[in-house]
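Student: Sending over a structure as structure tokens; questions will come in a sec.
The values are calculated or read from the model by the stated rules, or taken from the named source; none is laboratory data. Worth saying up front: this structure is predicted, and the values here are computed from it rather than measured. Cβ atoms come from the backbone with ideal geometry, glycine included; neighbour counts cover every protein chain shown.
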Amino acid sequence: MSDASQRFLFENADVRGEIVQLEQAFAAVREHHDYPPAVARLLGEAMAAAAVMCATIRSDGVLSLQVEGGEEAAVPMLLVQVDASEGTLRGTARYQGEPTRGGLAELCAGGRLAITIEPEEGQRYQGVVGLDDAGLAATLEGYFRDSEQLPTRLHLACDGQRAGALLLQRLPASGGTQPTEADPDAWDRIGYLAETLTDRELLERPVNEVLHRLFHQETVRVFEPRALAFRCRCSAGRIASILRSLGREEVEQVLAEEGVVEVRCQFCGATYSYDRVDVAQALSDGNAAPGSDSYH
Ligand SMILES: [Zn+2]
């Protein structure tokens, strides 16, 4: 099975759906980190969730899901990003100890989830929500309900090797929020059918088989699947801007102690090495561009 996102639509029901299945991209994210199983599962769910949500945003751009856990949390930080125009994604998590079990709320205790959309053009958007004890899917359903007024059902699954997501969303019928008059029960009926989906089906069965099993009594229009792949967005330029945001003093201190400043990308493991000349260049680039976002 290849990593992909599959859009579908219930005809005459103002309900849309999206299924994401990930395996290679999830493996790439785990390649440079020996994540404990519970952390890997949460990261996989977050990747599938971000990919499935990305498919619902209208514009091209980058969607990020970032969890900041409390200081004592087993997972103080988790970040996944999906580039909608490229169909690429990456993710990373910081953890302490060896958490073996627990979902979002336990692993990231005391945390919050930020949903950020950076469109290629236009205004950056960010929504922040508290963590639902029932997990990441429930947290995101709450976000769509409260922030977007879009009734949404989300099923997330991850077995440590594969990650999957099913999203169903009720679209405002002709601009309103009332169900379509022709089929007022559609949303509830489709929801009941979707509830019978098992994690194993979502992770292991081909998407068309899953859709047929769940919704063969409905009229479903299925679109072309869209390929997804791991790709890191790091570059020498981005790392240089991180150096600038650290500040001259800190960077020069490292340089004095180590002779070189090494920055390792947490997403892909790439190492960027800066000697004295490179550091001077990186820091002066920022000075030469006042008004850039280097200094916050
Ligand atoms: Zn990278």
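Student: Taking the residues in the stretch 79-103 that are away from the ligand (no atom under 16 Å from the Cβ) and under 17 Å from LEU22 (Cβ atoms) as candidates, determine which candidate is surrounded by the most Cβ atoms within 10 Å (Cβ to Cβ).
Tutor: Looking at the filtered set, the residue picked out is ALA84.
Student: Would you point out the residue of the stretch 203-222, among those that are part of a loop (DSSP other than H, G, I, E, B) and surrounded by 13 or more Cβ atoms within 10 Å (Cβ to Cβ), that is modelled with the highest pLDDT?
Tutor: ARG205
Student: Might you check whether a residue that is of a type in the set (Gly, Ala, Ser), in contact (Cβ under 8 Å) with a residue 40 or more places away in the chain and touching a helix residue (DSSP H, G or I) at 6+ places or on another chain (Cβ under 8 Å) occurs anywhere in the stretch 67-74?
Tutor: Yes.
Student: Being within 16 Å of the ligand (Cβ to nearest atom) and touching a residue at least 40 places away in the same chain (Cβ under 8 Å) narrows it down to one residue among ARG221, ARG226, ARG244, ARG231; which is it?
Tutor: Step by step, each of ARG221, ARG226, ARG244, ARG231 is checked, and only ARG231 is within 16 Å of the ligand (Cβ to nearest atom) and touching a residue at least 40 places away in the same chain (Cβ under 8 Å).
Student: Follow-up. Does the stretch 254-269 hold any residues that are in a loop (DSSP other than H, G, I, E, B), in contact with a helix residue (DSSP H, G or I) (Cβ under 9 Å, 6 or more places away or on another chain) and within 16 Å of the ligand (Cβ to nearest atom), and which are they?
Tutor: Within the stretch 254-269, CYS265, PHE267, CYS268 meet the criteria.
Student: Hey, does the stretch 135-146 have a residue that's outside any helix (DSSP H, G or I), more than 22 Å from LEU9 (Cα to Cα) and in contact (Cβ under 8 Å) with a residue 24 or more places away in the chain?
Tutor: Yes, because at least one residue in the stretch 135-146 is outside any helix (DSSP H, G or I), more than 22 Å from LEU9 (Cα to Cα) and in contact (Cβ under 8 Å) with a residue 24 or more places away in the chain.
Student: In addition: Do any residues in the stretch 91-107 that are within 23 Å of LEU140 (Cα to Cα) have Cβ atoms under 7 Å from those of residues that are outside any helix (DSSP H, G or I) and of a type in the set (Asp, Glu), where the two are at least six apart or on different chains, and which pairs are they?
Tutor: Note: pairs meeting the criteria are ALA105/ASP132; ALA105/ASP133.
Student: Criterion first (over 28 Å from THR56 (Cα atoms) and away from the ligand (no atom under 16 Å from the Cβ)) does PRO119 satisfy it?
Tutor: no
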